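Notes to accompany the following structure.
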Ligand code: HEM
């Protein structure tokens, strides 16, 4: 069985950099050589890489997980929008120390500058309690222990085994609007209590809460994904980079459909207070498949 790229399951990962790139019209051998330089080991840092369908096809013309598609713009009937801004390349730099992350940013940026244009350059952070900027704890419903692998990794025998399907979306919070709600009203949006982080139960759980719209089963299969996104921000722009990994591509599409009101028309009330600005789907190959693609 092929193994995932190193660092995927290493938590907490207090500091991240999310880099999205569009390839220039460079020869594919130059792209491979630039990627090899970008991915040289940096002490105490993980540098993981994933590719859009067209980009992976150039690096590895022999095979691609067939379900992988580009992210297409989606909208709810009420006007919530998830734009499709598909990029070629995603680099996720993650470590516990910001200085270590910075050393890797410099290496990656210098190595890729001649073959790709940077289109998203976002620094993420994780607080000790993993609270997002509006104060709710993020990650509680994530699979634990062995279940992380089951949710995130393409199984043995399938095309792309040991790799993952990946989604990246940049969301900004309408911070003032959300924070002007009472705490119980905020809790209705997420479906969990704020301070104590307890899931609302039974009739107390609104059908349009974020938990109700995302914790779903399709044909009795829970649509579990492994989420590693974090808050990002500065004085003028704050939100969350949503980053998640799955073993089956359809899980993303099913959960997004549910958020946008597919089936019953009920939309995720999180989208009344946060706006989505980017959206890409990528394939993160296993370490062995990555090495093979970059050296062939
Ligand atoms: C502004 C954007 C978002 C924010 C602030 C946010 C925040 C949260 C929070 C606070 C929770 C509850 C705690 C937890 O279980 O982690 C949660 C759960 C979850 N979110 Fe999000 N989220 C965002 C976008 C998304 C998107 C776009 C998806 C899917 C495409 C998603 C999928 C999930 C899933 C699967 C859960 C776990 C539900 C469960 O099993 O209980 N989230 N999110």
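What follows is calculated from the coordinates using simple rules that are stated; it is not laboratory data. What you are looking at is a predicted structure, and each value in this text was computed from that prediction instead of being measured. Reconstructed Cβ throughout: ideal geometry from the backbone, glycine too, with neighbour counts over all protein chains shown.
Couple of notes before you dig in:
- Considering (1) out of contact with any helix residue (DSSP H, G or I) (no Cβ under 9 Å at 6 or more places or on another chain); (2) surrounded by fewer than 18 Cβ atoms within 10 Å (Cβ to Cβ), the lone condition that residue 118 does not fulfil carries the number (1).
- Checking 98, 53 one by one, the residue that is more than 16 Å from residue 281 (Cα to Cα) and in contact with a strand residue (DSSP E or B) (Cβ under 8 Å, 6 or more places away or on another chain) is 98 and no other.
- Residue in the stretch 51-62 that is assigned to a strand (DSSP E or B), closer than 25 Å to residue 150 by Cα and in contact with a helix residue (DSSP H, G or I) (Cβ under 7 Å, 6 or more places away or on another chain) present: yes
- Filter result for residue 248 (part of a loop (DSSP other than H, G, I, E, B), more than 10 Å from the ligand (Cβ to nearest atom), buried (at least 16 other Cβ atoms within 10 Å of the Cβ) and under 24 Å from the mean Cα position of the chain (by Cα)): yes
- Tally of residues being part of a strand (DSSP E or B) and away from the ligand (no atom under 12 Å from the Cβ) across the stretch 218-232: 2
- Single residue of the stretch 101-115 satisfying the filter (touching a helix residue (DSSP H, G or I) at 6+ places or on another chain (Cβ under 7 Å) and not in a loop (DSSP other than H, G, I, E, B)) that is nearest to residue 42 (Cα to Cα): 107
- Taking the conditions (1) loosely packed, with under 14 Cβ neighbours inside 10 Å; (2) in contact with a helix residue (DSSP H, G or I) (Cβ under 8 Å, 6 or more places away or on another chain); (3) within 20 Å of residue 142 (Cα to Cα) in turn, residue 44 satisfies each one other than (3).
Conditions (1) assigned to a loop (DSSP other than H, G, I, E, B); (2) out of contact with any helix residue (DSSP H, G or I) (no Cβ under 8 Å at 6 or more places or on another chain); (3) within 10 Å of the ligand (Cβ to nearest atom), marked per residue:
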position	(1), (2), (3)
139	yes, yes, yes
149	no, yes, no
157	yes, yes, no
165	no, no, no
169	no, yes, yes
177	no, yes, no
189	no, no, yes
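- Close pairs (7 angstrom Cβ cut-off, 6 or more residues apart or separate chains): touching a residue at least 60 places away in the same chain (Cβ under 8 Å) and at positive phi in the stretch 199-215, near the ligand (Cβ under 9 Å from one of its atoms) and assigned to a loop (DSSP other than H, G, I, E, B) anywhere: none
- Among the residues of the stretch 136-156, those identified as surrounded by 14 or more Cβ atoms within 10 Å (Cβ to Cβ) and either within 19 Å of residue 289 (Cα to Cα) or more than 16 Å from the chain's Cα centre (by Cα) (or both) are 136, 137, 149, 152, 153, 154.
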